[in-house]
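The values are calculated or read from the model by the stated rules, or taken from the named source; none is laboratory data. It should be emphasised that the depicted structure is a prediction, and the values quoted were computed from it without experimental measurement. Note that each Cβ is placed from the backbone with ideal geometry, even for glycine, and that neighbours are counted across all protein chains shown. In case anyone asks, the SASA skips ligands and DNA or RNA and just uses the protein heavy atoms, side chains included. Shrake-Rupley method; radii C 1.70, N 1.55, O 1.52, S 1.80 Å.
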Amino acid sequence: MAIHASTRTDWAQARLMIYIRGLSLPGSPTVSESDEPAITALSGPWLRVTFDEIPPVHRGRFDATHTAYRMLMMMGVEVFYPHPTSEASPVGFRDHVRLSSEVRAALQFLRLDFQDYTDPASPVTVSDCVMSIQRVDVRRIPDTDGYRRRLVRCEVDWIGRFEDAFS
């Protein structure tokens, strides 16, 4: 039984990370995935991206041998903006809000082609699969370790093609 590219959530995550790292955002933040080591030595802003899978939902059939499932993932982009406690190096009070608003705007109503990363050096577009984000929210989270923080959250979905086990 062949595994269709559209069922691989790690490839969806890779595609989203490439998109986020390619954005031109205020403050030019460094972007890391939650599985990468924590960034603590930076003097500038940074984003930490997390992915949490949600169980797929049956949506019907592609054909006699393939079932369609709505694949779902919750993506969080945690915004860290330096906020020194000393008066000597003030940071604009609203810079973290501006950065989180830009991240939200970049994700709201996003539609991205799905990529097959069998060969990571030259990914191939999956012709019948598009990832989309409809709703994005921004939440205030407590400041920590000299950083002002916000959490940008959204649900990413796409249709995965599964080969039927007994076809």
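Positive contributions from Lys and Arg (+1) and negative ones from Asp and Glu (-1), summed over other residues with Cβ under 14 Å from the Cβ of Pro26, come out at +3.
Close amide-amide hydrogen proximity is noted between Ile54 and Leu72, Met73, Met74, each under 5 Å apart and 5 or more residues distant or on a separate chain (H modeled in the peptide plane; Pro and chain starts excluded). Put simply, the chain fits an ellipsoid with semi-axes of 37, 15, 13 Å; these come from the alpha carbon gyration tensor as the roots of five times its eigenvalues, largest first. Taking each DSSP H run with n ≥ 4 as -39500 (n - 2.57) and averaging over every residue of the chain yields -5000 deg cm²/dmol at 222 nm. Model label points for Asp143 and Ala121, set 7 angstrom from Cα along the Cα-to-Cβ axis, are 4.8 nm apart. When both region 90-167 and region 7-21 are represented by their alpha-carbon centers, they are found 8 Å apart.
Surface composition of the chain: carbon and sulfur atoms hold 51% of the protein heavy-atom accessible area at a 1.4 Å probe.
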